2 protein chains.
Amino acid sequence: MNYCPNCAGTLTFSIPEGDHLPRHICDNCNTIHYSNPKVITGCVPIYQDKVLLCKRAIEPRKGYWTLPAGFMENNESTLEGAMRETREEANAEVKISHLYTITSIVHVNQVQMLYLAYMDKPEYSISSESLEVELFSEEEIPWDELAFPTIKKALTYYFADRKNNHFPLRENVVNRSMQHPKEAV
Amino acid sequence: MNYCPNCAGTLTFSIPEGDHLPRHICDNCNTIHYSNPKVITGCVPIYQDKVLLCKRAIEPRKGYWTLPAGFMENNESTLEGAMRETREEANAEVKISHLYTITSIVHVNQVQMLYLAYMDKPEYSISSESLEVELFSEEEIPWDELAFPTIKKALTYYFADRKNNHFPLRENVVNRSMQHPKEAV
């Protein structure tokens, strides 16, 4: 951030009075500009004994498999965002069950939320965001071609929890600037 | 947003190629500027049979009682943010139990997360953000002087769930532009 989005004034990066962190403050109109983490919302879409995965058509991690998820937009709930992303990436409709994983990905300032969700029908197709879309059984999951560690973790939780038919909320903190990911709760 | 924060160029508000929502796009450097919901993180701090509340020293809702909570910052997890806010607003230390409420507050583009948390000692004090800080039993809660509907809801959940000593995740969607808040899950 180099210029004030309000007035195009120059900015100073300093701690405002009564605050504890440096912010971009406009030298001209004095507006304080905050930067905060973003929410990634998505789901683990289940059809019978299979999980729906999408092969990413865009960077980062183009060509790797992922669960449908993306940036939450203004004017929607996290649930609506999860359904929208599944529609956009896989042309699939899901019924949301409940929040299944929540991960603070500290080094990229993101909070990722994945809902457990069910598909009534095996209907899905590729999109501008996905090179391939497929249902995978546990044995078929391309474990070495998954896009992100959080996706691998969510799938690992799912297949383990399925044995007990109990899918509690899984909360984690990942900070790649630390040596080890930290199990939070 | 009137000017590009990168180059101070003028902006056009239109749908980028391959996108589905209008964004601010710089006429000069072509940067696309996204706006996304922010995370509010906080907790329900419990000491024995009481809950810690703070009387807000700042707008909005100055002079009304609330649970310690605020905007999640970059470079922290939602849990760390909840503990930090409790420290800043009430000078109190808490041990986080688990995520207790998550609410998409759609009309203000916020996702509020409140953790159930416990205090080892009844140690707390006012701060620049809180005019008063007090522990309240169920009978003492100032129900008509609570700052926000989500705070009232979290406290209502807590006292109801305490009867069964079972505190499951409570997920809600609130959209004040709709006629009725919608129970999500």
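The values are calculated or read from the model by the stated rules, or taken from the named source; none is laboratory data. Just so it is clear, the structure is predicted and the values come from calculations on it, not from any experiment. Counting neighbours? That spans all protein chains shown, and the Cβs are built from the backbone with ideal geometry, glycine included.
Quick notes
- The requirement of being modelled with pLDDT of 95 or more and surrounded by fewer than 24 Cβ atoms within 10 Å (Cβ to Cβ) is satisfied by B:GLU73.
- Subset tally (residues that are assigned to a loop (DSSP other than H, G, I, E, B), touching a Cys at 6+ places or on another chain (Cβ under 9 Å) and under 21 Å from B:SER35 (Cα atoms)) for region A:1-28: 7
- Among residues of region B:76-102 being at the interface with chain A (Cβ under 9 Å from one of its Cβ atoms), of a type outside the set (Gly, Ala, Ser) and closer than 27 Å to A:HIS98 by Cα, the one that is surrounded by the fewest Cβ atoms within 10 Å (Cβ to Cβ) is B:HIS98.
- Residues in region A:45-65 that are within 11 Å of another protein chain (Cβ to nearest Cβ) and either in a helix (DSSP H, G or I) or among the small types (Gly, Ala, Ser) (or both): 1 in all.
- Candidates B:LEU131, B:LEU135, B:LEU114, B:LEU53, filtered to the one that is touching a strand residue (DSSP E or B) at 6+ places or on another chain (Cβ under 7 Å), within 30 Å of A:SER177 (Cβ to Cβ) and either surrounded by fewer than 23 Cβ atoms within 10 Å (Cβ to Cβ) or not hydroxyl-bearing (Ser, Thr, Tyr) (or both): B:LEU114
- Within region B:1-44, the set of residues being touching a helix residue (DSSP H, G or I) at 6+ places or on another chain (Cβ under 8 Å), surrounded by 15 or more Cβ atoms within 10 Å (Cβ to Cβ) and either under 24 Å from A:GLU76 (Cβ atoms) or at the interface with another protein chain (Cβ under 9 Å from one of its Cβ atoms) (or both) comprises B:VAL39, B:THR41, B:GLY42.
- Residue match in region B:31-43 (condition: more than 30 Å from B:LYS152 (Cα to Cα) and part of a loop (DSSP other than H, G, I, E, B)): yes
- For region B:144-154, filtered to residues that are farther than 15 Å from B:LYS62 by Cβ and in contact (Cβ under 8 Å) with a residue 12 or more places away in the chain, the residue that is surrounded by the fewest Cβ atoms within 10 Å (Cβ to Cβ) is B:PRO149.
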